[in-house]
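The values are calculated or read from the model by the stated rules, or taken from the named source; none is laboratory data. Because the structure is a prediction, the values reported are computed rather than measured. Quick reminder, even Gly has a Cβ in these numbers, built from the backbone with ideal geometry, and neighbours come from all protein chains shown. Keep in mind that these areas ignore ligands, DNA and RNA; they rest on the heavy atoms of the full protein, side chains included. Shrake-Rupley method; radii C 1.70, N 1.55, O 1.52, S 1.80 Å.
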Amino acid sequence: MSDTAKTNTNSKEPLDYGVIDNTDKKRFEIHIDGKIALEDYEFFTTGAGEKGIEYKHTEVPEELGGRGIAGYLVKYILDDAAAKNLRVKPTCPYVKSYIDKHPEYQDNSVFHNATP
């Protein structure tokens, strides 16, 4: 988790969800109370030969809503992609919207400032 921990706006406690990279199903997962929040992904290569990751679909079960899980997961996967030097293709509307609102991720997104 980053130095600036995200907090739950209701309790002000830091969010610290364990994120699992389920490579068999090509998705990142957070398991809570028998439910799974997830982000589906696929790897790709840009026209310039750079490796990248496409984030395709974010899903948080209704029972887990309102806990900041989707935002936490998307921040985690964007930081993970940057750490692995992967370009990001946010075909998932939630991920693209997150990047729209967080300029620090736009230089790595092929739908924003990064060259595809």
Qualifying residue in the range 51-58 (condition: modelled with pLDDT of 95 or more and exposed (fewer than 15 other Cβ atoms within 10 Å of the Cβ)): yes
Output for the range 97-110, where each listed residue is of a type in the set (Asp, Glu) and buried (at least 18 other Cβ atoms within 10 Å of the Cβ): none
Of the criteria (1) in contact (Cβ under 8 Å) with a residue 40 or more places away in the chain; (2) closer than 19 Å to Leu15 by Cβ, which one His102 fails: (1)
Residue tally, condition farther than 14 Å from Arg67 by Cα and more than 15 Å from the chain's Cα centre (by Cα), over the range 24-38: 3
Per-region count, the range 68-96, residues farther than 20 Å from Glu29 by Cα and either out of contact with any Lys or Arg (no Cβ under 8 Å at 6 or more places or on another chain) or surrounded by fewer than 18 Cβ atoms within 10 Å (Cβ to Cβ) (or both): 1
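When you look at Gly65, is it open to solvent by less than 60 Å² (accessible area, probe 1.4 Å), more than 12 Å from the chain's Cα centre (by Cα) and either more than 20 Å from Ile20 (Cα to Cα) or of a type in the set (D, E, K, R) (or both), yes or no?
no
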Near pairs, Cβ below 8 angstrom, 6+ apart or cross-chain, from the range 26-44 (under 13 Å from Ile77 (Cα atoms)) to any residue that is open to solvent by 60 Å² or more (accessible area, probe 1.4 Å) and of a type in the set (Phe, Trp, Tyr): Phe28/Tyr76
